[in-house]
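Scroll down for the structure; my scribbles are underneath it.
The values are calculated or read from the model by the stated rules, or taken from the named source; none is laboratory data. On a predicted model such as this, the values are computed, not experimentally measured, just so you know. Backbone-built Cβ (ideal geometry, glycine too); neighbour counts: all protein chains shown.
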Amino acid sequence: MIVSLTIVRYRKLFIPFALLAMAVHRVSMSLRKECSFWKLLGTGKNGHFSLKPDWQQWGLLAVWYSKAEFDEFYSHSFITSWWKFFGVEKWTILCEPLQSHGKWGGKEPFGSAVMTDHEGPIVVLTRANIKYSKFKQFWSSVGDVTNQLYQAKGYIMSVAIGEVYSKPATFSIWQNMDDMKAFSYAGGEHADVIKRARKENWLSEELFTRFRPIESFGTINGTDPLHGLI
């Protein structure tokens, strides 16, 4: 299993085509039998966790049966031809799941593997389905958590992705497992929000997955976040 996340950024002139792609690319991905799970995603403004969408920046998350099948898609698909035609900036990271629990749309897209001996950079995906009655509580807590994230030891980068406002996700990259765990569980705003969410039953569904990054190429905002690290 190979998991890919590609973040693309359109020029402002082409925003209407970025919106059109959310419909057109859905058809293309639904025909790809070598892909077991996929999501077309929007992002927060400049990739941040925000209610303000970034109309220029979009994402495609997919789970492939093999690296060869991803390579075929990236080299020859209608979607990558579309990206090339519109001259998007794009960055792709390929990962292998280490640990995953929870569901996305009722599915376990990354399996249930449990590997604990990983060293080096680690990628984390957290995704939630927020109950509408808890929407205000969730989004009012985002600011402090985001500030803590950007200042955390070992933090490399993150991008806020999601399907709609009630189904946000965060994709973050860390120097190592210890730094990631310190941010997630060792007190602070993030740990407090997790406790509140569970105690007050904010979520109808959640997913937490750790990955081993195996390849990174292209750029996002002019840089490859994992250049020289893997």
By residue number, the members of the stretch 22-52 that are free of Cβ contacts under 8 Å to residues at least 24 places away in the same chain, over 15 Å from the mean Cα position of the chain (by Cα) and closer than 30 Å to V142 by Cα are A23, R26, K52
Looking for something part of a helix (DSSP H, G or I) and either more than 23 Å from P213 (Cα to Cα) or of a type in the set (A, V, I, L, M) (or both) - is there at least one such residue anywhere in the stretch 54-74?
yes
If we scan the stretch 2-20, do we find a residue that is assigned to a strand (DSSP E or B), touching a residue at least 40 places away in the same chain (Cβ under 8 Å) and of a type in the set (K, R)?
yes
Sole residue being within 20 Å of L229 (Cα to Cα), of a type in the set (S, T, N, Q), free of Cβ contacts under 8 Å to residues at least 60 places away in the same chain and surrounded by fewer than 19 Cβ atoms within 10 Å (Cβ to Cβ), chosen from N176, N147:
N176
From the options I194, I220, residue that is surrounded by 14 or more Cβ atoms within 10 Å (Cβ to Cβ), free of Cβ contacts under 8 Å to residues at least 24 places away in the same chain and not small (G, A, S)
I194
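Checking the conditions here, which among S100, S140 is surrounded by fewer than 18 Cβ atoms within 10 Å (Cβ to Cβ), small (G, A, S) and out of contact with any Lys or Arg (no Cβ under 7 Å at 6 or more places or on another chain)?
The match here is S140.
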Looking at L94, L60 in this structure, which one is at pLDDT 95 or above, under 25 Å from D179 (Cα atoms) and touching a helix residue (DSSP H, G or I) at 6+ places or on another chain (Cβ under 9 Å)?
L94
Could you tell me which residue of the stretch 113-125 is modelled with the lowest pLDDT, considering only residues that are among the hydrophobic types (A, V, I, L, M, F, W, C) and in a loop (DSSP other than H, G, I, E, B)?
A113
